[in-house]
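Below is one structure, written out as structure tokens; the observations come after it.
Read-outs throughout are calculated quantities, based only on the coordinates presented, and are distinct from any laboratory measurement. All values derive from a computational prediction rather than experimental measurement. Positions of Cβ are generated from backbone atoms using ideal geometry, with glycine treated the same way; all protein chains shown enter the neighbour counts.
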Amino acid sequence: MLKRTLVPLDGSPLAEKALRVAARIARATNGTIVLLRVIGVPTTYTPYVYGADMAQNPQLAQDMIYLEQDTAEQYLKEIASADLLAGIQVDTTVIAGSAGITIVDTAEEEAADVIVMGSHGETGFKRFALGSEAQYVSRHSSIPVLVLRGDDSVPFSSSTDSSHSITALVALDGSELAEAVIEPAAYIVAALAGANKGTLLLSTVANKQAESIKRGSQEFMRDDAKKYLTAMVDRLLGSEVGKLNLTIGWTIEESKDVANTLIEAAEDGKVVESSQEFSGCDLIAIATHGRGGFKRLMAGSVTESILGATRLPMLIVRPKNVK
């Protein structure tokens, strides 16, 4: 698990922040980093960037692709030899195409275990917009996607002796589909925590009943969620996940607004009930789809709503049986 980490780069400093996280994962797992640079293909829109001559001169367009290829290869060569990645096996690849599709396809072709990418980057023929691409990749990737924010709030570093541990809020709704995020989250947190003990907080948003429903129904709803979470903790402690250097706890929130409630819980530690005290998390982990338990849906819309609003990194997992 986590032996190959794919990092898409577009040449921007924001995208390169993913290198710190990828380096930490690779060092913790003795893994390999695959650096990907996607270069654009001239289209009918290219004249707006390079002038009308390119649209009328196929050879000029082909020459531009060759130039982009050479520039991208040199760029990745410099990144691969940087001190940040010293001692880590680094592979590089440059591919012309659509960024989102290429990232997803390359992850499969390179047998990557996780994609680590920034949430924003530069745009244009020479660049790809990581904000929109992160949404595309997280929706279509068959492997976990760790999306970092486009600011300085990333709590991870490439250092293995960091004094800062890692706590992840793992969003669950009682369904097996939502539970697909647990194992990837456990390995990611354990790798990023390094020598420290990481923490998984299994979190459920229970349905906050309408005022016309009796209080007893609300308590039953919360009690039902608590039984599910405590049973899940016991199950994980007896599994391979339980062998990792992790503390596993749980939280319960009540709201009709799943996305904002999970964000508040992760960013501010605002919960109704929890098995342990915490003031906030470093990471939100969620599956792109779920259904069933506690009348909640961890659907793509919830995941994308959180991705667009939270200041925290997100680990997004698409269950294998979701099409």
Note to self: If I stretch the segment between ASP257 and THR71 completely, what's the gain in nm (0.36 nm per residue apart, minus their alpha carbon distance), one decimal?
What the structure shows: 62.3 nm
Next item on the list: Grab the other residues whose beta carbon is less than 14 angstrom from that of VAL114, score K and R as +1, D and E as -1, and report the net.
Entry: 0
Check: When the Karplus curve 6.51 cos²θ - 1.76 cosθ + 1.60 is applied with θ = phi - 60°, which whole-Hz ³J(HN,Hα) does each residue of region 241-247 get, with x for Gly and Pro?
Finding: 4, x, 7, 6, 7, 9, 9
Next item on the list: Please tell me which of these pairs span more than 32 angstrom C-alpha to C-alpha: LYS17/LYS227; LYS227/LYS320; LYS17/LYS320; LYS197/LYS227; LYS17/LYS243; LYS17/LYS270?
Entry: LYS17/LYS227
Next item on the list: Kindly put LEU200, LEU76 in sequence by how many other C-beta atoms sit within 10 Å of each C-beta, fewest to most.
Entry: LEU76, LEU200
Check: Which net charge results for the neighbourhood of VAL233, defined as the other residues with beta-carbon distances under 12 angstrom from its beta-carbon, given Lys and Arg at +1 and Asp and Glu at -1?
Finding: +2
